[in-house]
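Below is one structure, written out as structure tokens; comments come after it.
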Amino acid sequence: MSQHSYDVVIIGSGTAGQSAYNQVVKHTSNVLVVNAGPWDTTCARVGCMPSKLLIEAAKYAQASQHASEFGIHNQTRIDAKAVMQRVQHLRDYFTGHAQAVVDQWPAEHKRQGKAHFIDATTFKVGEDTISTKASIIATGSIPRVDPQWQQALKHKLLTSDTIFNLPALPKSIIVVGSGAIGIELAQALARLGVEVTLMGKGNDIGGLSNPDLRKLATALLTRELNYIDNSSIEQVYLEADQVVLHYHRSLPGQHNQHSGQVKAEYLLAAIGRESNINTLGLDNIDTKYQGIKGAIQHPLTMQLDDLPIFIAGDVSTTQALQHEAANAGRVAGINAAHYPEIQPFEPYTGLSIVFSQPQMATAGQSHQALTRANTPFACAEVSYRTQGRATIQDKNEGAIQLYGCPQSHKLLGAELLVHEAEHLAHLLAWSIQQGLTIEQLLAMPFYHPVLEEGLRTALVRLRAQLPELAP
């Protein structure tokens, strides 16, 4: 047993922890990173990168299967083992790069083990006592799993942490959850020849909040796979090594429920993630922290109440995206290094993307957020059914909506359901963060023929709905 003292202790070495470390070491070398698991990132190991690798394989399969539209005829054969081997090979490549960053840190800055708070400035790590002037919690999250499903299905229950370890693509799968992870993996697997059933609770789909876009997204998705929305799961069990799922389905405005069952080789639980914050003993500091769920820090400083503790990354439920986790780690690192002198930082404009086809994205404020806040806004919609470049690419489907402020003419937000929405959403998020008006955006160049021309059409329609600005 020994005692150690540091200026800053960072708990967790993922995206947020690494970002925080990069800031802290600019101001002090008396820093320690305590980490209980692998020294890489969720994004590289089980998140962004392996999922996009699977999606990329699905894109090639889809293109090959539909090449006849362009007069190109071939036979497509999907090698279920080779697909997963490439996913795993490049997953390990990206994970190795994340690990290499940490490997460059001085050995005295790293400690393997679990940190447990004794009070606001003191931890236990193993048998050692560690004190610090300030600390950063960046311990990440884990997939949410129903304990009864886990007990009933055992190895047949998959999460985003385990699916990429399969030796080959499954023959069939039930995906529970129609958020970003569920939709991305369900569609990708279906395009790779897997028989997929996607279960959704309510009519939520991919983070879209506008009812018209949700309806359109549902129609497009059900062309490719068995999508059962507005469903509640009653029971799951194994039968002859197959997953059996019983469900009820009720449609809005109807009193009768439809009951049914589906069977598959595996069940993938994509029902969200849970913060690891409850493993740290914060209730030893104050009992009000017992059972906390994650989002408890100040959103502009990352500080926990008035304590010398800062929280960053997807350990907070508000920072589940990689770019947000990295930025939160940066803010937490700066403020922890300068504690008690802390400063607020403006957050990024909201930006979320679902890598489906067509892609779904939100930039700035969503339709739902504006409506719930009773914010006055004008809405313009453009269908991409006849959009020129999308038609050339045989990707002419979906629509975009733009939301503008009647008083200032500033762009407030957008929801998109179109091919390559990831790029359009970035342009819109950057514009919103800069506070640009509709008129300023229309003064920008739009090349021809490009997908961005659809944005120009939407901006013209939005401008026509706005009153003239006072001179």
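Counted by Cβ distance under 15 Å from GLY113, the other residues give a net charge of +1, where Lys and Arg count +1 and Asp and Glu count -1.
Give, rounded to the nearest 20 debye, the magnitude of the charge dipole that the chain has about its Cα centre when Lys and Arg contribute +1 at Cβ and Asp and Glu contribute -1 at Cβ. The partial results should precede the final answer.
Values: 36 positive and 42 negative charges, 129 e Å.
Dipole magnitude for the chain comes out near 620 debye.
Note on the chain: Cα-only Rg and Dmax are 24.2, 75 Å.
Nearest-5 percent of antiparallel DSSP beta bridges in the range 147-271? Antiparallel: roughly 55 percent of the beta bridges in the range 147-271. For the range 381-467, relative contact order (Cα pairs under 8 Å, six or more residues apart, normalised by length) works out to 31 percent. Per-residue Cβ neighbour counts within 10 Å put ASP283, ASP40 in the sequence ASP283, ASP40, beginning with the fewest.
Stretching the chain fully between ARG223 and SER68 yields a gain of 53.9 nm (0.36 nm per residue, less the alpha carbon separation). Across the range 147-271, the mean sequence separation of Cα contacts (distance under 8 Å, 6 or more residues apart), normalised by length, yields a relative contact order of 33 percent.
Placing R0 at 35 angstrom, the Cβ-Cβ distance between HIS338 and HIS423 gives a FRET efficiency of 0.40 after rounding to 0.05. Using a/c under 1.5 as the rounded threshold, could you call the range 147-271 rounded, prolate or oblate? The axes a ≥ b ≥ c are square roots of the C-alpha gyration tensor eigenvalues, and prolate needs a/b larger than b/c, oblate otherwise. Cα axes put the range 147-271 in the oblate bin.
Under 5 Å between amide hydrogens, built in the peptide plane, is the criterion, and for SER5 it picks out SER131 among residues at least 5 positions away or on other chains.
Cysteine residues of the chain whose C-beta has no other cysteine C-beta under 4.7 angstrom: CYS379, CYS405.
In plain terms, the residue of MET49, MET444 with the fewest other Cβ atoms within 10 Å comes first and the most crowded comes last, giving MET444, MET49.
Taking the helices alone, the chain has a mean residue ellipticity at 222 nm of -9500 deg cm²/dmol, built from -39,500 (n - 2.57) per DSSP H run of at least 4 residues and averaged over all its residues. Taking 0.36 nm per residue of separation and subtracting the Cα-Cα distance, full extension of the segment from LYS110 to LYS154 would add 12.3 nm.
Order 92-102, 340-350 from most to least packed using the mean count of other Cβ atoms within 10 Å.
Details: 92-102: 15.9, 340-350: 13.4.
In descending order of packing, they fall as 92-102, 340-350.
Taking θ as phi - 60° and the Karplus parameters 6.51, -1.76 and 1.60, the scalar couplings of the range 400-405 work out to 10, 10, 10, 10, x, 8 Hz in sequence order, x denoting glycine and proline. 3J(HN,Hα) along the range 232-240: 10, 8, 9, 6, 9, 7, 9, 9, 6 Hz, from the Karplus curve 6.51 cos²θ - 1.76 cosθ + 1.60 with θ = phi - 60°, whole Hz, x for Gly and Pro. With contacts taken as Cα pairs under 8 Å and at least 6 residues apart, the chain reaches a relative contact order of 15 percent.
Highest first, please rank the peptides 167-175, 80-88 by the mean number of other Cβ atoms sitting within 10 Å of their residues.
On the way: 167-175: 19.2, 80-88: 16.9.
Those peptides, ordered most packed to least, come out 167-175, 80-88.
Where both residues lie in the chain, what percent of DSSP beta bridges are antiparallel, nearest 5? Intermediate values should be presented prior to the final figure.
On the way: 53 of 85 bridges.
Around 60 percent antiparallel, to the nearest 5.
Packing here is the average count of other Cβ atoms within 10 Å per residue, and on that basis the peptides 194-201, 147-154, highest first, run 194-201, 147-154.
Computed from the Cβ-Cβ distance with R0 of 45 Å, the FRET efficiency linking THR371 to THR279 stands at 0.75.
Counting other beta carbons within 10 Å of each residue's own, what order do ILE233, ILE271, ILE163, ILE11 fall into, fewest first? Numbers along the way, then the final one.
Numbers: ILE233 17, ILE271 21, ILE163 24, ILE11 30.
Result, fewest neighbours first: ILE233, ILE271, ILE163, ILE11.
Any read-out appearing in this document is the output of simple, stated calculations on the displayed coordinates, not a laboratory observation. Since we're looking at a predicted model, the values are computed, not measured. Backbone-built Cβ (ideal geometry, glycine too); neighbour counts: all protein chains shown.
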